[in-house]
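Below is one structure, written out as structure tokens; the observations come after it.
The values are calculated or read from the model by the stated rules, or taken from the named source; none is laboratory data. Fair warning: this is a prediction, and the values are worked out from it, not measured in the lab. Here Cβ is always computed from backbone atoms with ideal geometry, including for glycine, and neighbour counts include all displayed protein chains.
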Amino acid sequence: YYIAMVILALYAISTIDILFSFFLFFFLFISPWIFLTFQLFRHLDHNPLKEKEVSLSLKSSFTFLALSLVLSLLLTSFLFLFIPRSDAMNIRGRKGGTSFLSGFSEKVDLDDLGYILENPNVVMRIKMKSPFPPGFIPLLKGTTFEIYNSKKWYQTRQFYRLAKKKGSFTLATFPKKSRTFEYEIYQLPMNSSILFTLYNISSLSINDPRFQLLFYSPQQWIKAPREIRIPITYRCISYIPELWLNKAFLQKSTSSSRNTLTFPFPKELSKERFRRFAIEKIGLSSDLCPYEKAKKIEEYLKKNFEYTLDLSSSPQKDPVEDFLFYRKKGHCELFASSMVFLLRSLDLPARLVNGFRLVEWNDLGHYYIVRQKHAHAWVEMYLDQIGWIPFDPTASRMDMMEDSSGRLGNLWDYLNMEWNNRIVIFDREKQWEIYHGIALTLRHWKEGFLKFTQKGWKKERLWEKSHLLFWLVFIIVIGGGFLLGVGRIRKIIN
């Protein structure tokens with residue numbers, strides 16, 4: 001029995017899956033029967049008589065199991081709800097313990113990505129009132145990359161410290177003419193410190209006391225001080241300027257080449273070669289505005305190149321040049337990198353963005369399911385008076401088509417989400433919410449009881465002490481029920 005308890009405890013530490021609840025329920029159900037069996041064999045072994053029949057009726061067995069199970073669940077629930085929580089209680093995710101989900105990296109290596117995208121594991125869920133309407137590009141931003149060197153992308157290492165009480169951070173005020181999105185993210189552990197957001201982030205709220213300090217990049221993404229090793233929940237408000245949707249304005253827009261926005265063209269690549277490709281192959285003319293140039297590059301790559309994960313590296317050639325000038329096929333980061341360099345060759349500020357594309361909507365729980373295979377890379381170009389605007393040049397992908405797991409799949413994922421949100425990350429904040437709810441309920445019961453007794457006993461003035469009677473009746477009912485169950489179990493065993 002003790003070995004089974006240790007195994008169950010280790011399993012609880014090493015997993016966040018809802019399957020644990022089934023094992024726990026089975027353990028609680030089968031334990032009383034096992035204890036009863038051990039007791040019977042022990043009684044037979046110590047009995048001096050050679051033959052002795054010990055029988056237990058089927059009805060008594062089921063009664064014993066049912067009462068034991070109910071009392072076990074009540075006691076387990078009580079301990080779970082009322083054991084004090086502290087910031088250091090969650091030991092899940094220590095190095096060498098849990099196998100973390102992989103698939104999102106703060107560095108991009110163009111030679112190594114394919115095996116990650118085929119991973120179907122869920123990494124987060126994005127809860128919203130409704131899915132995005134047709135025409136929107138549902139992209140969940142993780143990080144931006146500005147520097148390319150030796151086949152790898154890197155970030156600019158500049159951050160602002162964000163610190164505010166109760167974990168509420170205001171990052172930007174959205175324009176008057178803009179569309180706002182309110183959403184809640186349930187993020188599972190992964191080997192990254194990034195907090196993901198949609199489009200332009202305006203504010204972020206997180207109640208976990210371990211995340212009272214965050215870092216905000218001038219390139220509009222957020223990270224925690226350390227790697228996120230526990231499931232977390234945070235709420236965000238993002239916005240899209242109406243000018244994004246105004247094609248007439250976009251076609252008249254300009255893109256400045258200020259030093260703060262113009263990122264260097266890689267020394268190992270030929271800027272002139274990319275520029276000639278953009279002008280001669282894609283057909284970009286000088287009279288096109290920056291937005292039109294970007295759209296033509298995006299459409300050209302989508303129509304003339306092929307998406308594939310079956311791609312071997314060529315040590316003699318740079319992956320981007322090999323993709324753009326020779327192979328004509330590759331993964332999303334090669335598509336996005338090629339577009340970035342084509343734009344930069346025309347002196348247009350552009351950067352690579354890494355994150356996820358939202359394609360799987362769960363209509364049962366009203367949220368997006370984000371899996372490892374939904375990891376994606378795209379491009380952002382800077383336009384004056386608008387800011388960074390996204391472009392997705394990647395050719396169509398089968399794993400990025402709008403998908404659904406069916407009713408049963410959605411139900412199972414919804415149960416997983418509720419399990420993670422209400423059980424796995426049950427913290428001090430949620431504990432106090434339950435305490436507050438119980439206190440309000442008891443107060444309502446007490447007020448109703450006092451009103452009832454006040455009407456009946458007003459003449460005798462006994463109602464003045466009826467609040468004591470309420471608590472006395474409450475304790476008698478709860479305690480009596482518990483003692484009755486324990487007594488019933490003892491009677492069955494005897």
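Miscellaneous remarks
- Checked against (1) modelled with pLDDT of 85 or more; (2) crowded, with 19+ Cβ neighbours inside 10 Å; (3) under 35 Å from the mean Cα position of the chain (by Cα), E299 passes all but condition (2).
- Per the conditions (1) in contact with a Leu (Cβ under 9 Å, 6 or more places away or on another chain); (2) modelled with pLDDT of 85 or more, the sole criterion not satisfied by F249 is (2).
- Scanning the stretch 195-206 for residues that are surrounded by fewer than 20 Cβ atoms within 10 Å (Cβ to Cβ) and under 15 Å from the mean Cα position of the chain (by Cα) yields a single hit, S205.
- Flag for S314 being crowded, with 17+ Cβ neighbours inside 10 Å and either in contact with a strand residue (DSSP E or B) (Cβ under 9 Å, 6 or more places away or on another chain) or over 30 Å from E184 (Cα atoms) (or both): no
- Filter pass, A88 being closer than 30 Å to D208 by Cα, modelled with pLDDT under 80, small (G, A, S) and assigned by TED's automatic domain parsing to the domain that holds I222: no
- Exclusive hit being at pLDDT below 90, more than 18 Å from Y186 (Cβ to Cβ) and surrounded by 19 or more Cβ atoms within 10 Å (Cβ to Cβ), set P264, P241, P218, P225: P241
- Each residue in the stretch 332-351 was checked for being within 23 Å of S314 (Cα to Cα) and surrounded by 24 or more Cβ atoms within 10 Å (Cβ to Cβ), and 10 pass.
- Qualifying residue in the stretch 401-411 (condition: in contact with a strand residue (DSSP E or B) (Cβ under 8 Å, 6 or more places away or on another chain), modelled with pLDDT of 65 or more, surrounded by 13 or more Cβ atoms within 10 Å (Cβ to Cβ) and assigned by TED's automatic domain parsing to the domain that holds K296): yes
- Selection status of K152, at pLDDT 85 or above and basic (K, R): yes
- Restricting attention to the stretch 195-209, the residues that are more than 26 Å from I240 (Cβ to Cβ) and not in a loop (DSSP other than H, G, I, E, B) total 1.
- Residue check for S192: closer than 29 Å to K373 by Cβ, modelled with pLDDT of 80 or more and over 21 Å from the mean Cα position of the chain (by Cα): no
- Index of the failed condition, L19 passing every other in (1) within 39 Å of the chain's Cα centre (by Cα); (2) modelled with pLDDT of 70 or more; (3) more than 30 Å from P189 (Cβ to Cβ): (3)
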